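The values are calculated or read from the model by the stated rules, or taken from the named source; none is laboratory data. Remember, predicted model here, so these are calculated numbers, not experimental data. Counting neighbours? That spans all protein chains shown, and the Cβs are built from the backbone with ideal geometry, glycine included. Areas reflect the complete protein model, heavy atoms only, side chains present, ligands, DNA and RNA absent. Shrake-Rupley method; radii C 1.70, N 1.55, O 1.52, S 1.80 Å.
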Amino acid sequence: MRIDQLPVRSPVAGLRRRGLSMVEVLAQSVSALAPSAAVVAVPPFVMVQAGAATLPVLVVGTALVVLVGWCLTAFARRMAAVGGVYSYTAKGLGPGPALLAGWALVVGYAGIAVSALVGAVAYLVSFTGLDPPGWAVAVVTLAVGLLATLVTVRGIRLSARVALALEVVSVGVVVAVLVVLLAAHRGGTGTGAAVVDGPVTAGGVATGLVLAVAAFMGFESAATLGVEARRPLVAVPRAVFWTPVVAGVLFVAAGVAQVVLLRAAPVEVLTGDVPMAQLADADGLGVVSRLLDAGIALSFFACVTGSINALARVLFSMAREGVLPASLGRTHRRFATPAVALAWVLPVLVAVPAVALGTGARTREVLAGSLTVSALGYVLAYVLAAAAMPVFLHRIGELTRPTLVGGTLAGGLSAAVLVVAVAGASWTGSGVMVLVFVLAWLPGPVLWWVLRRRAPAVLARVGVYDQATAGSLLPGQGVRR
Amino acid sequence: MSGVDRGVTGRQPQAVRSALAVLQEVARAGAGVTAKEVAEALGLPPATTYRLLNLLVGEEYLVRLPDLHGFALGTKVAGLAGVVAPARVPTAARQVLAQLRGRVRAGVHLALVAGPVVRVVDVDPDLPLESPALVETHLHASAVGHLVLAEVDDWRFVVHHPDRLAALTPATPTRAADVDACLARVRAVGWAGQSGQLHEGVGCLAVPVRGATGQLVAVVAVSSARGAAPVEHLDAARASAGDLAPLLD
């Protein structure tokens, strides 16, 4: 393309440009990751699988996610995308794999939004100490989902700030609770030690690794704020890299604390719903466990807003390319948010959990099911994006040895994690969730197949981003040759 | 956190020198030069060159072209040079201004615009601007400046000290929210008008002159000492701006 042929308008115009500060961009990644919920909920699951190898597994899982994050920064420094990992993949592997990754990402964001909504409601109920009937839980789910959608339609700025405030409070609560429990800890060993120091098997370690990686899902979602960030090519890579690093430190530290605490606890606590809350109850610190419930509920709510923000922007990107109906690419006139996409997301988001909970399914089952589905989506998207990175850099002539090695390593290891996740889900009796994922993900390959036959021109547009416009170039400069 | 990049500090003179060399090489080679070509021309290690290019693109001194492998100078570079070259105005354009001066009973001026830089190039000889320099340096306080700021993505990166805007008169907008509101109005109507923000008792109307691609290339300003923006001359000023567009693009 010649520089006098640059468009006047960016293909993703309509969103509020260049408004979000570094902290607000970071808030998007942090809220979608939901660190306090992850650090409390995930380590006990890993212990059950990995036994004595729990801590090494947590460290390796963190390292793998940080490596994937580093791969994504290679894109984030070079293009300000709205479709996040979807648009990145398009620039490396082309439109077909991008649609596979993009739809996997859509399933991932939708799945995590559903499970965070269920989680928020469950911990809210636990916080109030009531035992409401199924229909009441469904109504609360509807209300919380509606509230989250309104916050996101009102503006990314508001939702980022709300989410960050909630996350700071809830991480503070979690850290305080862990410190209090460690201070009250009297040592000794309980029946939990049999699990915490349990045997190490290859299958257990692999499944534990999948769970550890799943704890970070959503860390890359700042990549959907390319248009809205004030300095996108600086802020987005920082958020995408430092979110898993800092969350990882918290994650491993909380893992160490829980290994110490749960070794001394009865094994029923370890396999219970929220081991930390039960430990606090056992220590006579009932108020602490209530506090923990409130903190995690807030974290989950922030995660709902973060996930649907990202989900709506991926759909918005697809609509602007012509892959999805153009109406999904319309923005709100006053708030400049992808309001139509958000409105389409809402019914799916609340209907699944409201129906499931209303018909009497257990919270834990819905949570685990939606998490499994979304984990498969995320990891598939990570595999494709990491593999796309060296190809992309080679295409633009900026490949170096570290990026080649890093991208290959991240892609290969994530692919291994994906295989283990699929196999593991099938072993542990949640094979039906793999089927649900495949069905939910099917539109991706179908879109590719249909567009390739019917509208190759649309396929060629896949990967739109906030590209240079005529107004961003210094007028009157020389042109090469 | 914004505005400060700790990647390169004052203690890394070689990095700063290399970054400036990269900027200069892109200017020399011309728009469309690739990262590899820059590295070869400067004899820098490729990885270093890519990092510096990404840094300069992040700060918007450079722009990555839509093919993602070519680079060009960004509009921000105009702020470094501080001048619009060439600042010559064609005779045909001066004649258009003279015609407008004959029709309206107010001062008619022309300012050229490149990115965020304004240069007042033709001041009405009979009803001159009190201070062209103030117009060029205090974009938040003049109608011409409002048009220029309404074009950029974020005016905070263009003005000096966005959190401490100078109050030239009591009417000057100095709070960020006031400037935002003012620019939103300008974007909505497509022209700017202010009264008493630059000099007390002086109003000004500014109409954009746009090039073929819709870019702001110049501004026609109509000033009046009668206190209010001379909006009665809006249509005449717009007609002249239309005539000037092909002459100044």
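A few notes on this one:
- For the listed peptides A:371-378, A:317-324, a ranking on the average number of other beta carbons within 10 Å per residue, highest first, reads A:371-378, A:317-324.
- Leading residue at positive end of dipole, chain A (Cβ point charges), from A:L164, A:P275, A:V205: A:L164
- Accessible-area composition of segment A:64-181, carbon plus sulfur, in percent [1.4 Å probe]: 78 percent
- Segment A:164-255 - Rg and Dmax from Cα coordinates, angstrom: 18.0, 54
- Residues in segment B:194-231 occluded by at least 40 Å² - accessible area, probe radius 1.4 Å, against chain by itself: B:T213, B:Q215
- Angle of helix B:46-58 to the longest C-alpha principal axis of chain B, folded into 0 to 90 degrees and rounded to 10: 20°.
- Annotation: peptides A:135-142, A:456-463, ranked by per-residue average of other Cβ atoms within 10 Å with the highest first, follow the order A:135-142, A:456-463.
- Normalised Debye scattering of chain B at q = 0.08, 0.12 Å⁻¹ gives log10 I(q)/I(0) of -0.37, -0.76, counting only Cα atoms as equal scatterers and leaving out solvent.
- Shielding by partners, peptide B:55-66 (average Cβ within 10 angstrom, other chains): 5
- Accessible area per residue in Å² at 1.4 Å probe, computed on segment B:20-84: 39 Å²
- Note that segment A:1-151 presents 31 Å² accessible area per residue, ligands and nucleic acids not counted, probe 1.4 Å.
- Nonlocal amide H pairs with B:A106, under 5 Å, H built at 1.01 Å: none
- Principal-axis tilt of helix A:134-154 within chain A, Cα atoms, nearest 10 degrees: 40 degrees
- Net charge in the neighbourhood of B:L112 (other residues with Cβ under 14 Å of its Cβ; Lys, Arg +1, Asp, Glu -1) is 0.
- Computed from backbone phi, the HN-Hα couplings of segment B:155-167 come to 5, 5, 7, 9, 7, 7, 6, x, 8, 9, 6, 6, 9 Hz, rounded to whole numbers (Karplus: 6.51 cos²θ - 1.76 cosθ + 1.60, θ = phi - 60°; Gly and Pro given as x).
- For the protein assembly as shown, the fraction of alpha-carbon pairs in successive 20 Å shells from zero, as %: 17, 44, 29, 10, 1
- Restricting the trypsin sites (Lys or Arg not before Pro) of segment B:121-220 to loop positions (DSSP other than H, G, I, E, B) with no more than 15 neighbouring Cβ atoms within 10 Å leaves B:R164, B:R175.
- Only helices enter the 222 nm calculation for chain A: every DSSP H run of n ≥ 4 contributes -39,500 (n - 2.57), and dividing by all residues gives -24500 deg cm²/dmol, rounded to 500.
- Only protein heavy atoms count here, probed at 1.4 Å, and on that basis chains A and B bury about 3400 Å² of accessible area in total.
- Debye log10 I(q)/I(0) at q = 0.32, 0.34 Å⁻¹ for segment B:150-193, Cα point scatterers: -1.24, -1.26
- Backbone amide hydrogens, once placed in the peptide plane, bring B:V121 within less than 5 Å of B:L110, B:A111, B:L112, excluding anything fewer than 5 places away on its chain.
- When a 1.4 Å probe is rolled over the protein heavy atoms, the share of accessible surface on chain B that falls to carbon and sulfur comes to 54 percent.
- Net charge dipole size for chain A [Lys, Arg +1 and Asp, Glu -1 on Cβ; Debye, nearest 20]: 2320 debye
- Average projected area [Cα convex hull, segment A:74-125], square nanometres: 4.3 nm²
- Pairs of alpha carbons in segment A:291-356 whose separation is greater than 19 Å (percent): 43 percent
- Other protein chain C-beta atoms within 10 Å of residue C-beta, averaged over A:75-85: 2.
- As a length-normalised measure over Cα pairs under 8 Å and 6 or more apart, the relative contact order of segment A:337-481 settles at 21 percent.
- Residue-averaged beta-carbon neighbours from other chains (10 angstrom radius) around A:388-396: 2
- Largest accessible area first, the listed residues B:D122, B:D67 line up as B:D67, B:D122 when surface is computed with a 1.4 Å probe on the assembled protein chains.
- In degrees, nearest ten, helix A:339-358 long axis to first principal axis of chain A (Cα): 20 degrees
- Volume in Å³ per residue [convex hull over Cα atoms, computed for segment B:42-126]: 142 Å³
- Computed over segment B:79-213, the range of Cα coordinates on each principal axis works out to 41, 33, 27 Å, biggest value leading.
- Based on Cα atoms of segment A:1-126, Rg over Rh with Rh as the Kirkwood radius reads 1.05.
- Its Cα gyration tensor gives segment A:230-363 an equivalent ellipsoid, and the semi-axes of that ellipsoid, as √(5λ) in whole Å with the largest first, are 38, 22, 12.
- For segment A:258-320, the share of accessible area belonging to carbon and sulfur comes to 61 percent (1.4 Å probe, ligands and nucleic acids excluded).
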